[in-house]
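The next block holds one structure in the form of structure tokens; read it before the comments.
The values are calculated or read from the model by the stated rules, or taken from the named source; none is laboratory data. Remember, it's a predicted structure, so these values are computed and weren't measured experimentally. All Cβ positions, glycine included, derive from the backbone under ideal geometry; neighbour counts span all protein chains shown. To get the accessible areas, we keep the full protein, side chains included, count just its heavy atoms, and leave off ligands, DNA and RNA. Shrake-Rupley method; radii C 1.70, N 1.55, O 1.52, S 1.80 Å.
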Amino acid sequence: MLTEQRRFGGSLDDLRDVRAAVEVPVLRKDFIADPYQVLEARAAGADIVLLIVAALDQPVLAELYRLIGELGMTALVEAHSAAEVDRALEIGAQLVGVNARDLTTFQLDRELFGTLAGSIPSGVIRVAESAVTSPADVAHYREAGADVVLIGEALVTGDDPVTTLESFLAAG
Ligand SMILES: O=C(O)c1ccccc1NCC(=O)[C@H](O)[C@H](O)COP(=O)(O)O
């Protein structure tokens, strides 16, 4: 769930609504930089909280990671380079994402996950994030070693998200 309001029009109310509607784990996907946001996430019912390595100094990243675990949630630690994967592993991340979207240029690189996946040890869950527009993209990430694929726009802009999701699941 995107909860960021200014750019994405999301909210914690959206997260609460989804929490009440589903039994699967719910991700708070936002630019988390402060412990207060982690507490908010827990209070709103999130199970997973996104931490973007590029946005956080290492001590802050480690502290937010620790707090998320202490509150019984899981951190999805997002990287966009080999150095950022190393920083994620250094804090002990067990759920590591590689975002195809460069958040400084918004350019998409669907090959980045495959380039970095080998540096994520087995036993750590590998998440391929962004740039999925078709079942072939899901299959591409699966073949590159993804355990999980994070999909946004394709599910919220299409006419029939259920059919779209079914086709993505079939490809995974
Ligand atoms: O996070 C950003 O800055 C951003 C910039 C431009 C477009 C989308 C952005 N983030 C939204 C998301 O969180 C994406 O929906 C998510 O990474 C999934 O990617 P996609 O499936 O490509 O929508």
Original post:
Which one of these is over 18 Å from residue 79 (Cβ atoms), open to solvent by less than 60 Å² (accessible area, probe 1.4 Å) and of a type in the set (A, V, I, L, M): 155, 116?
Top reply: 155
Original post:
Going by the conditions given, is residue 83 in a helix (DSSP H, G or I), away from the ligand (no atom under 13 Å from the Cβ) and open to solvent by 20 Å² or more (accessible area, probe 1.4 Å)?
Top reply: yes
Original post:
Restricting to region 148-165, what's the tally of residues that are farther than 24 Å from residue 96 by Cα, out of contact with any Ser or Thr (no Cβ under 8 Å at 6 or more places or on another chain) and within 12 Å of the ligand (Cβ to nearest atom)?
Top reply: 2
Subject >> residue 159 acidic (Asp, Glu) and over 24 Å from residue 47 (Cβ atoms) >> reply: yes
Original post:
Do we find that residue 18 is closer than 28 Å to residue 145 by Cβ and either open to solvent by 60 Å² or more (accessible area, probe 1.4 Å) or not charged (D, E, K, R) (or both) in this structure?
Top reply: no
Original post:
aromatic (Phe, Trp, Tyr) and exposed (fewer than 14 other Cβ atoms within 10 Å of the Cβ) - does that describe any residue in region 95-106?
Top reply: yes
Original post:
Would you say residue 93 is at pLDDT 95 or above and farther than 23 Å from residue 55 by Cα?
Top reply: no
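Yes/no per residue for (1) at pLDDT below 95; (2) away from the ligand (no atom under 15 Å from the Cβ); (3) under 17 Å from the mean Cα position of the chain (by Cα); (4) of a type in the set (A, V, I, L, M):
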residue	(1), (2), (3), (4)
33	no, no, yes, yes
37	no, yes, yes, no
40	no, yes, no, no
45	no, yes, yes, no
51	no, no, yes, yes
57	no, yes, no, no
**OP:** Enumerate the pairs (first residue in region 137-158 and modelled with pLDDT of 95 or more; second residue anywhere and within 13 Å of the ligand (Cβ to nearest atom) and open to solvent by 40 Å² or more (accessible area, probe 1.4 Å)) with beta-carbon separation below 7 Å, excluding pairs fewer than 6 apart on the same chain, so at least 6 apart or on different chains.
**Re:** 137/110; 138/149; 140/110; 141/149; 154/133
